[in-house]
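Since the structure comes first, as structure tokens, the remarks are kept for the end.
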Amino acid sequence: MTQNTSRAIHIAQHGGPEQLQLVQVSVGEPGPGEIRIRHKAVGLNFIDVYQRSGLYPMQLPVQLGMEASGVVEAVGEGVTHLKVGDRAAYASQPPGSYCELRVMPAKCVCKLPDAISFDTGAAMMLKGLTAQYLLKRTQPQGGLQPGDFVLFHAAAGGVGLIACQWAKAMGLRLIGTAGSDAKCALALANGAEFAINYAAEDFAARVKEITGGKGVKVVYDSVGKDTWDKSLDCLSPLGLMASFGNASGPVAPFAPGILGPKGSIYVTRQTLFTHIATRENTQSMADDLFDIVVSGKVKIHIDQRFPLEQVQEAHKALEARQTTGCTILTL
């Protein structure tokens, strides 16, 4: 294989995992503000499923993938924070990380500390930066203080396990939900103070019981349709409903008038890419993430590894909710 050819995963049309096709692509030189990076590992995320299925429509054909780690091979004009040979990791638009080699914008690529492995770097950027902006930048009125209750859905997933640990380090009392007793046990083992199996019990009633009827200051919800209505009922007055995903399907339209009687609550729909729109924000959020991972207070759990060519199987496992923690594609 010549230096500038790469195996990559493309989709030519939206649909199921069978649309993920292994192809050979040519990779050129980086232009101004770009780098060429040779990947060591690639992260898998639910947003990849949304883009593949068409829930988030893409200009087709497209190369999928939002995060990876690797070594910088070439640097374009104007890039000053990276140099050839640097270990690096990123979560970034546009998609394209499902490959061995790519040219991409440099602004969201960060130097990876030597203390963090390539596998960990690939697994943690999108999920870790998501946990960072949720817990640190998406806060209710008056902020979050040690001792405050928060509710985090899908607490045994990639973002969830990071958030459980990080919330504990912040002194927050995190109530996690998950779809099985085993996943609840995993959330508890990673710092959740309480875990609710929403398949077996009414999570809204249980949250009210745990909080003595007061509710939580904020709900972090990546599940969407299935948890939305009851999540609103878990909030204390002036609480914040922070939606950041649609694993069970998009939330149905709702009348803003319902928010008043429920306690004048706030609703927001967040995306990581708003938060990492500038080089400065990306670096400051990544520094916060790197620090807490290097400190050992947050451990990144890579529970599934698939070779790049088995990406269809990886997507099937993710959609069937058979995964815990993080999943990476190996090269």
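The values are calculated or read from the model by the stated rules, or taken from the named source; none is laboratory data. Note that the coordinates shown come from a computational prediction; the quantities given were computed from them, not determined experimentally. Reconstructed Cβ throughout: ideal geometry from the backbone, glycine too, with neighbour counts over all protein chains shown.
Numerical summary
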quantity	calculated
Filtered residues of segment 43-68 (kept if closer than 14 Å to MET104 by Cβ and either in contact with an Asp or Glu (Cβ under 7 Å, 6 or more places away or on another chain) or part of a helix (DSSP H, G or I) (or both))	LEU64, GLY65, MET66
Residues within segment 314-331 that are under 20 Å from ALA68 (Cα atoms) and without any contact (Cβ under 8 Å) to a residue 24 or more places away in the chain, tallied	1
Residues being of a type in the set (Lys, Arg) and farther than 17 Å from GLY157 by Cα - total across segment 286-330	1
Residue list for segment 161-189, restricted to those being free of Cβ contacts under 8 Å to residues at least 60 places away in the same chain and in contact with a helix residue (DSSP H, G or I) (Cβ under 7 Å, 6 or more places away or on another chain)	ALA163, CYS164, ALA167, MET170, LEU174, ILE175, GLY176, THR177, ALA178, ALA187
Lone unmet requirement of (1) crowded, with 23+ Cβ neighbours inside 10 Å; (2) modelled with pLDDT under 95 for VAL150	(2)
In segment 112-131, residue nearest to LEU272 (Cα to Cα) [restricted to those that are surrounded by fewer than 24 Cβ atoms within 10 Å (Cβ to Cβ) and not small (Gly, Ala, Ser)]	THR120
Odd one out for LEU172, checked against (1) surrounded by 13 or more Cβ atoms within 10 Å (Cβ to Cβ); (2) within 30 Å of PRO95 (Cβ to Cβ)	(2)
All helices (runs of 4 or more DSSP H) inside segment 254-331 with 3 or more residues being surrounded by fewer than 19 Cβ atoms within 10 Å (Cβ to Cβ) and assigned by TED's automatic domain parsing to the domain that holds ARG38	279-294, 311-319
Scope segment 1-20; condition among the hydrophobic types (A, V, I, L, M, F, W, C) and at pLDDT 95 or above; matching residues	ALA8, ILE9, ILE11, ALA12, LEU20
Total residues in segment 1-30, condition of a type in the set (Asp, Glu) and either part of a loop (DSSP other than H, G, I, E, B) or closer than 15 Å to LEU331 by Cα (or both)	1
Residue, surrounded by the fewest Cβ atoms within 10 Å (Cβ to Cβ), within segment 49-68, restricted to residues that are under 20 Å from ILE276 (Cα atoms) and in contact with a helix residue (DSSP H, G or I) (Cβ under 8 Å, 6 or more places away or on another chain)	TYR56
Residue that is assigned to a loop (DSSP other than H, G, I, E, B), of a type in the set (Val, Ile, Thr) and either surrounded by 15 or more Cβ atoms within 10 Å (Cβ to Cβ) or touching a Phe, Trp or Tyr at 6+ places or on another chain (Cβ under 9 Å) (or both), where the choices are VAL71, VAL79, VAL84	VAL79
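Let's see how each residue does on (1) in contact with a strand residue (DSSP E or B) (Cβ under 9 Å, 6 or more places away or on another chain); (2) under 25 Å from ALA8 (Cβ atoms):
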site: LEU232; (1), (2): yes, no
site: MET241; (1), (2): yes, no
site: PHE244; (1), (2): yes, no
site: ALA252; (1), (2): no, no
site: ALA255; (1), (2): no, no
site: ASP291; (1), (2): no, no
site: HIS301; (1), (2): yes, no
site: GLU313; (1), (2): yes, yes
